[in-house]
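**Q** One structure, as structure tokens, below. Some questions next.
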Amino acid sequence: MSLPKTLAEDVARNLVMVARLIDEDPEEAYAYSRIALRLASRVAAVREAAGFAAYATQKYAEALAEFRAARRMTGSVELWPVMADCERGLGRPERAMAMAGEPEVQKLDKAGQVEMRLVAAGARRDMGQIDAAIVTLQSPELASNSIQPWTPRLRYAYADALLEAGREDEAREWFGKALEADKDGSTDASDRLAELDGVEFVDALGDDEDETVDAPEAAPGDAADQDERGDEPGKG
């Protein structure tokens, strides 16, 4: 609202493209974020979007600078966890741990506090403190049977930490709990479970994929049926 109408529309278009592309093509999303940043660097939402685009492309120093700028403009603490994770990305887990103990954490909503717990546990693992990471993740949110947006990732992180500690049976249990909560496929818990159970996925075509069989000509009206059998996009 602080920008002239035409400029505001141009900035908005670039921010929309950042949001659309950040998961599938982070480098392209980053390019759009730089355009928005050139057009409106004094808008907090632009600085925040630029931060997330830089974060998605592992440009952690740049991301941290943008997040700090957005925080100065808004006074909000909601970016605190991702700022701490940038410190991890820069090889400074001790700073991330220090941020986990700052008063800002108490001002976060429940989702933000869970995210901060995940970052702190990751920092512990970065420092080789796997047992401390496990303890960090043990919380009422982990023990709760209520499924929240953060539940799959929290359970997954706990399972992964248990596995690193050599507690395979417990890890299998928690990967199963993560999968149970993960309705959107946001984690690869199913693959991790399969690995633990020794399940191998093989190419169904095997060595015979070069052998071809002449298919009958499609009858009129069959094209639509064939189109429905296209590959579904995967999720990394």
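The values are calculated or read from the model by the stated rules, or taken from the named source; none is laboratory data. Since the structure is predicted, the reported quantities are computational estimates derived from the model, not experimental observations. For neighbour counting, all protein chains shown are included, and Cβ atoms are generated from backbone atoms with ideal geometry for every residue, glycine included. Areas reflect the complete protein model, heavy atoms only, side chains present, ligands, DNA and RNA absent. Shrake-Rupley method; radii C 1.70, N 1.55, O 1.52, S 1.80 Å.
**Q** Under a crude label model (7 Å from the Cα following the beta-carbon direction), how far is Ala31 from Ser2 in nanometres?
**A** In this crude spin-label approximation the distance works out to 2.9 nm.
**Q** In addition: Can you figure out the FRET efficiency of Asp169 with Glu94, using R₀ = 25 Å and their beta-carbon distance, to the nearest 0.05?
**A** 0.15
**Q** Per residue, how much accessible area does the stretch 41-159 show when a 1.4 Å probe rolls over the protein heavy atoms, in square angstrom?
**A** 47
**Q** Using Cα-Cα distances under 8 Å and only pairs 6 or more residues apart, what relative contact order does the stretch 99-152 have, in percent?
**A** 28
**Q** Which pairs in the list Lys110/Lys183; Lys5/Lys183; Lys107/Lys177 are over 31 Å apart, alpha-carbon to alpha-carbon?
**A** From Lys110/Lys183; Lys5/Lys183; Lys107/Lys177, over 31 Å: Lys5/Lys183.
**Q** Still on this structure, please answer the following. For Cα pairs less than 8 Å apart in space and 6+ apart in sequence, what is the mean separation divided by the residue count of the stretch 80-121, i.e. the relative contact order in percent?
**A** Over the stretch 80-121, the number comes to 45 percent.
**Q** How much length is gained if the chain between Leu39 and Arg20 is pulled fully straight, taking 0.36 nm per residue apart and subtracting their Cα-Cα distance, in nm to one decimal?
**A** Separation in residues times 0.36 nm, less the Cα-Cα distance, equals 4.9 nm.
**Q** 7 Å from Cα along Cα→Cβ at both Gln148 and Thr74: what's the point-to-point distance in nm?
**A** 1.9
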